[in-house]
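Chemist: First, the structure itself, so that you have it in front of you.
Laboratory data are not the source of any read-out in this text; all were calculated from the coordinates shown. This structure is a prediction, so every number in the text was calculated from the model and none was measured. Counting neighbours? That spans all protein chains shown, and the Cβs are built from the backbone with ideal geometry, glycine included.
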Amino acid sequence: MNAAEVVNALLEERFGVARGEVTADTPLRNLRLDSLALEELRVLIEERLEIDLEEVSLTSRDTVGQLVAAIDGKVAA
């Protein structure tokens, strides 16, 4: 599974976001993810992909594409 697939799967499974709502340009705030939900998403991604996103700063202003790019940067490292 690539980063985009993992993010989309977690958004759907854990946060009830329909896949049709999500594009790379979708701001996380449009998915109704508050700071606590963003932290939970970060931890879930870390567990699923066995990476450390501690220094990745996520805000609700970031887009799904920015999140996926940050994950890809960690997976490639």
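Chemist: Can you confirm whether Leu58 is touching an Asp or Glu at 6+ places or on another chain (Cβ under 6 Å) and hydrophobic (A, V, I, L, M, F, W, C)?
Modeler: Values: touching an Asp or Glu at 6+ places or on another chain (Cβ under 6 Å): no; hydrophobic (A, V, I, L, M, F, W, C): yes.
No.
Chemist: Buried (at least 18 other Cβ atoms within 10 Å of the Cβ) and either part of a loop (DSSP other than H, G, I, E, B) or among the aliphatic types (A, V, I, L, M) (or both), is that true of Leu11? Outline the logic, then answer.
Modeler: Values: buried (at least 18 other Cβ atoms within 10 Å of the Cβ): yes; either part of a loop (DSSP other than H, G, I, E, B) or among the aliphatic types (A, V, I, L, M) (or both): yes.
For Leu11, the condition - buried (at least 18 other Cβ atoms within 10 Å of the Cβ) and either part of a loop (DSSP other than H, G, I, E, B) or among the aliphatic types (A, V, I, L, M) (or both) - is met.
Chemist: Limited to region 45-74, what total is found for residues that are surrounded by 13 or more Cβ atoms within 10 Å (Cβ to Cβ) and assigned to a helix (DSSP H, G or I)?
Modeler: Of the residues in region 45-74, 15 are surrounded by 13 or more Cβ atoms within 10 Å (Cβ to Cβ) and assigned to a helix (DSSP H, G or I).
Chemist: Still on this structure, I have one more. Any idea which residue in region 12-50 is nearest to Val64 (Cα to Cα), counting only those that are among the hydroxyl-bearing types (Ser, Thr, Tyr) and without any contact (Cβ under 8 Å) to a residue 40 or more places away in the chain?
Modeler: Among them, the one singled out is Thr26.
Chemist: Hey, another quick one. Among the residues of region 23-37, count how many are surrounded by fewer than 18 Cβ atoms within 10 Å (Cβ to Cβ) and either under 18 Å from Glu5 (Cα atoms) or basic (Lys, Arg) (or both).
Modeler: Start the filter on region 23-37 by keeping residues that are surrounded by fewer than 18 Cβ atoms within 10 Å (Cβ to Cβ), which leaves 23-27, 29-30, 32, 34-37.
Subsequent filtering for residues that are either under 18 Å from Glu5 (Cα atoms) or basic (Lys, Arg) (or both) retains 23-27, 29, 32.
Final tally of qualifying residues: 7.
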